[in-house]
Amino acid sequence: MEELLFDSIRMKIPDAQFRMSTDSMVLADFCRIKSGSRVLDLGCGCGTLGLLLLGADGTLHVSGIEIQEAAACQAQENAEENGFSDHLHIVCGDLRQTHAQIAPGSFDCVLSNPPYYPPGSGYPNPPPSRPGSGYLHAQDSLCAARSEICCPFDALCAAAARALRWGGRFFLVHKPERLVDLMTGLRAARLEPKRIRFVRHRAENAVNLVLIESRLGGRPGLQYVPDLFLYEQTGELSAEGRRIYHLQE
């Protein structure tokens, strides 16, 4: 299947992968990244976040790590087909084992839309399709995207902290029910939470997503950003929702 971003960027997605989601759109909007920054996307899938960021600022230099071979290959193809091959580079591998490809302290920002659910939470946990390879094939991809079997949160935080320069920022989207785990894991990796925003479908709905910005070596002090409501009570997209989805009035 194919998605259209910014009315000009085309993104192909293998059938076994998730389609572009609200999670990625709100995370890309939440990120505060200076022009020319070096950015790392942990668990980049088919390259959605990198394409969104480069569509807004073509001066960025984005790298992505993805454990699923089909998704990683598609991400690189998406970069090339949209003219971003010089600005979007994909590494196929396990983010826990990328020391050779990712130099410590080499990124200004790291971002991730990771699996939300821990092993044993009711989501199936597939073994690697090729024992010992560390890579996953199509039949396992949706399970891997939902469950932390290949990406425990503490390992994600450790990878982000290792890749960031001192004072660099880590942007994350996750589920609100994991908030205590998130804050604990971030601080354990010296990633101090600095900004938080909750996302709701409508004002009367429960919080559906949480966005967190943390800083490597940052001082304590958390800024609460007012909640993001994607839809009005009428069911139409809110003004902020239309802006995030790049829909013209």
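Every number in this text was worked out from the coordinates using simple rules, so none of it is lab data. Since we're looking at a predicted model, the values are computed, not measured. For neighbour counting, all protein chains shown are included, and Cβ atoms are generated from backbone atoms with ideal geometry for every residue, glycine included.
What the table below lists for this structure:
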| item | result |
| --- | --- |
| Residues Ser106, Ser238, Ser8, Ser112, sorted so that the one with the fewest Cβ neighbours within 10 Å comes first | Ser8, Ser106, Ser238, Ser112 |
| Whole-Hz ³J(HN,Hα) from phi, Karplus 6.51 cos²θ - 1.76 cosθ + 1.60, for region 59-70, glycine and proline x | 8, 6, 10, 10, 10, x, 10, 9, 7, 8, 4, 4 |
| Highest average packing first - 180-192, 38-50, Cβ atoms within 10 Å | 38-50, 180-192 |
| Least to most buried among Tyr245, Tyr224, Tyr116 (fewest other Cβ within 10 Å first) | Tyr224, Tyr245, Tyr116 |
| Kirkwood Rh in Å, taken over region 29-127 so that all alpha-carbon pairs contribute | 14.1 Å |
| Residues whose placed amide H lies under 5 Å from that of Asn208, excluding near-sequence neighbours | Val199, Arg200, His201 |
| Long-range amide H partners of Gly168 with built H, under 5 Å | Leu216 |
| Debye-sum result for region 61-105 in log10 I(q)/I(0), which assumes one identical scatterer on each alpha carbon, at q = 0.21, 0.27, 0.29 Å⁻¹ | -0.68, -0.96, -1.03 |
